[in-house]
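Here the structure is laid out as structure tokens; the discussion comes afterwards.
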Amino acid sequence: MAGLTAGPVEGEDLWLWLSRRAWPLWLERGIDWRARAFHESLTLDDHACTATFRRLRVAARQVYSFALARRHGLPRADEAVELGLDFLRRTAAHPDGGYAWRFALDGRVIDSRRDLYDHAFVLLALAAASRVAPPEPLRREALALDDFIEQRLAHASGGYLESLPPALPRRQNPHMHLLEARLAAAEAFGEVRFLRGAEALLNLFLARFLPDGCLAEFYDDDLRPLESPHRAEPGHHSEWLWLLDWQARLSGRPAPAGAVAALRRFLAAHGRDPATGALRDAVWSDGRVIAGGARLWPQTERLKSAALGGDPAEQAEARRVLATYLRPDGLWHERRLAEGGMSPEPAPASSLYHLSCGIAFIAQPDGDARP
């Protein structure tokens, strides 16, 4: 296949890499079929998993990824979706509602906290799975999960707790992914309550998460930014641009022009490393770089915001940069190091969600990355 045997994967081949290399490899090597669970990561040299635990977010994200793969024709991907749903129902479900956070390899719960970020991904998984599995049980589970979030995780100062038991600092990131999940659930199940919940999160974003025209990451218990200047992650700026567009299309109302402009201004001024073209991991809100290097996931989020921005040069660079992280075998380098080389660490399963969502969004005519 052109672009896959030597050098980086070419931008126009991203979809072929995902559908013919990455999805099949993770279906074959990324699942512990005997234990009926997903592997946390795969080593770059022999495609083995060395992790000694399993996480809720990996199970949820892999359900999303394999549901998308099944809809695009990957054989046996529906079996992976069913395996993941079985893990959520039999292993992860907490007797008091919600889902536990971390597990031993034999399925024992080793950390029973209930984490907002991971619960958002369970809701996304249920929405995605409804397109390849019987939808009615998944609709009921999605409604029950949203009830749990509203009744047990709502915070008096607005938004939601980080977890049960509560933890600080509070973050915008779980709220962002809950918005994503509710938009997906609104599309998948046709329930007005998910769209209303998404609108409440949009209002929270506009009121609290853009304190100076730049997205803040960490907050105190009353949702005040912890620092000034504060930490900002360009990848999340890109992700919010995609979500604001999605919210606008579902609601029938225009995206908030001021917020869109602020996010794009910050990305243009401070998001990109001029030496590599990659989106930076984190900077201060005044533009100073916090640390060198660039992880994979911001590059996938940049694909989506660049596609919506309409600048062909930006779109081409986003594709080119992402391609430099990808390996012909279907794995990837998780980060570009500050000195410029690529990290040899195992490829984490959780990043398949970012790759699946970003590449499918730009490759399919209908933007079919959404459940």
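Laboratory data are not the source of any read-out in this text; all were calculated from the coordinates shown. Remember, predicted model here, so these are calculated numbers, not experimental data. Positions of Cβ are backbone-derived with ideal geometry, glycine not excepted, and every protein chain shown enters the neighbour counts.
How far apart, in nm, are two points set 7 Å out from the Cα along the Cα-to-Cβ line at D311 and at L105?
4.7 nm
Between rounded, prolate and oblate, where does the stretch 146-289 land on the alpha carbon gyration tensor, with a ≥ b ≥ c its root eigenvalues, rounded for a/c under 1.5, else prolate if a/b exceeds b/c?
Cα axes put the stretch 146-289 in the oblate bin.
Could you list which residues have their amide H under 5 Å from that of I31, counting only those 5 or more apart in sequence or on another chain, with H placed in the peptide plane?
H39
Round to the nearest 0.05 the FRET efficiency obtained for R288 and A200 when R0 = 30 Å and r is the Cβ-Cβ distance.
Using R0 = 30 Å, I get an efficiency of 0.35.
On alpha-carbon atoms, Rg over Rh for the chain using Kirkwood Rh?
0.94
At 7 Å along Cα-to-Cβ for each site, give me the label-to-label distance between S343 and W15 in nm.
Placing both labels 7 Å beyond Cα along the Cβ direction yields 3.0 nm.
Once you have the Cα-Cα distance between D212 and D329, take 0.36 nm times their residue separation minus that, and quote the gain in nm to one decimal.
Length gained between D212 and D329: 37.8 nm.
Measuring from label point to label point, each 7 Å out along Cα→Cβ, what is the D147 to T52 span in nm?
4.0 nm
Which residues' amide hydrogens lie under 5 Å from the amide hydrogen of S163, considering only partners 5 or more residues apart or on another chain, with H built in the peptide plane?
Residues meeting the amide H criterion: L116.
Please work out the C-alpha center-to-center distance from the stretch 193-216 to the stretch 235-302 and express it in whole Å.
Their Cα centres are 15 Å away from one another.
Along the charge dipole of the chain, pointing to its positive end and built from +1/-1 on Cβ of Lys, Arg, Asp and Glu, which listed residue (L44, F189, P312) has its Cα farthest out?
Selected residue: F189.
Which of the three applies to the stretch 16-95, rounded, prolate or oblate, going by the alpha-carbon gyration tensor with a ≥ b ≥ c and a/c under 1.5 meaning rounded?
Details: a/c = 2.16, a/b = 1.20, b/c = 1.79.
Oblate shape, in that a/c is at least 1.5 and b/c is the bigger or equal ratio.
Let a ≥ b ≥ c be the square roots of the eigenvalues of the Cα gyration tensor of the stretch 96-173; is it rounded (a/c under 1.5), or, if not, prolate (a/b larger than b/c) or oblate?
Oblate shape, in that a/c is at least 1.5 and b/c is the bigger or equal ratio.
Relative contact order (percent) for the chain, with alpha-carbon contacts under 8 angstrom and 6 or more residues of separation?
Reported relative contact order: 19 percent.
At most 15 other Cβ atoms within 10 Å and a DSSP loop assignment: could you name the GluC sites (Glu not before Pro) in the stretch 224-314 that fit?
When the GluC sites (Glu not before Pro) of the stretch 224-314 are filtered for loop state and at most 15 Cβ neighbours within 10 Å, E227 remain.
Name the residue, out of G73, G159, G235, whose mean-square fluctuation peaks in a Gaussian network model built on the chain with Cα pairs under 10 Å.
Of G73, G159, G235, the Gaussian network model singles out G73 as fluctuating most.
Would you mind ranking V63, V81 by Cβ crowding within 10 Å, fewest neighbours first?
V81, V63
Would you calculate a helix-derived [θ] at 222 nm for the chain, using -39,500 (n - 2.57) for each DSSP H run of n ≥ 4 and dividing by the full residue count, to the nearest 500?
Estimated from H runs of four or more residues: -14000 deg cm²/dmol.
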